[in-house]
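In what follows, a structure is listed as structure tokens, so that the remarks can point back to it.
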Amino acid sequence: MESYVAEDVARAMLEKDPSLRAKFDAALAADPELAKSPERRLDWFYQRSPAWDERVNLLPIYRTAIDYRPLPP
């Protein structure tokens, strides 16, 4: 998500869910690097937005019948 879009999304999320502000403040207090980095702060909101895909960077792994070997116990 581009920064200019993430900012708008973060503002909208904070307006929609006031409890999110407390969670964000707690995250800032717990992680000094998060507090220092605008990119990481926007990413924090992005990961909690509806646009976030939990399966990002997940690659499917297939086993073919030719290569099939039982896994060790």
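We did not get these values from a lab; they are worked out from the coordinates using the rules stated. Only a predicted model underlies this, so the values are computations on that prediction, with no experimental measurement involved. Note: ideal-geometry Cβ built from the backbone for every residue, glycine included; neighbour counts use all protein chains shown.
Here are some notes:
- Listed residue (Leu59, Val5, Pro73) projecting farthest to the positive dipole end of the chain, Cβ model: Pro73
- Eigenvalues of the alpha-carbon gyration tensor of the chain, scaled by 5 and square-rooted, set the equivalent ellipsoid semi-axes at 38, 15, 12 angstrom, largest first.
- If only the Cβ of Lys and Arg carry +1 and only the Cβ of Asp and Glu carry -1, the dipole of the chain around its Cα centre is close to 280 debye.
- Each residue, Glu15 and Gln47, gets one label point 7 Å from its Cα in the Cβ direction; the gap between the two is 2.6 nm.
- Normalised contact order of the range 3-46, rounded percent, pairs of Cα under 8 Å and 6 or more residues apart: 52 percent
- 3J(HN,Hα) along the range 43-54, derived from phi through the Karplus expression 6.51 cos²θ - 1.76 cosθ + 1.60 where θ = phi - 60°, amounts to 5, 4, 5, 4, 5, 9, 8, x, 6, 5, 10, 4 Hz, with x in place of Gly and Pro.
- Here the spin labels are modelled as points 7 Å beyond Cα on the Cα-Cβ line, and at Ala27 and Arg55 they lie 2.3 nm apart.
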